[in-house]
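Quick note: the coordinates plus some simple rules give every number you see, no bench work behind them. Here the structure is a predicted model, which is why all the values come from computation and not from measurement. When we count neighbours, we look across all protein chains shown, and the Cβ atoms used for this are built from the backbone with ideal geometry, even at glycine.
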Amino acid sequence: MGLYSHYDGAHNHPVNRALHLIAIPVGFSSLVVVWFHWIIALLLVPTAFALAWLGHLIEGNKPAFLTNPVHVLVAPLWMARRLFGNTQRKDPTATQKSA
């Protein structure tokens with residue numbers, strides 16, 4: 001199973017997904033905020049983790065990054081796909097030839 005499909009499979013409950021759509025930007029925004037106010041940035045990280053853990057508590061599973069820490073980097077990609085969908089669209093004029 002690929003990293004993305006494993007991460008996506010761990011986030012099926014709508015409340016878990018919603019909490020992650022909040023937690024991921026909060027967590028990653030701390031990387032920018034740290035340059036302006038390090039105390040606030042340090043508070044954003046546990047806030048993001050608390051939201052994500054709450055989502056997993058509701059869904060009844062463990063966070064994906066516990067099995068593979070790289071999932072922390074998969075999270076923004078997952079969020080972007082959730083928000084913007086698949087940008088690759090099939091050509092509506094293309095048809096399959098039947099044999």
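Here are the numbers:
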read-out: Pairwise label distance in nanometres, residue 80 with residue 4, each label 7 Å out on the Cα-Cβ vector; value: 1.0 nm
read-out: Net charge of Cβ neighbours under 13 Å - reference residue 23; Lys, Arg +1; Asp, Glu -1; value: +2
read-out: Principal axes of the stretch 3-84: Cα extent on each, largest first, Å; value: 36, 24, 23
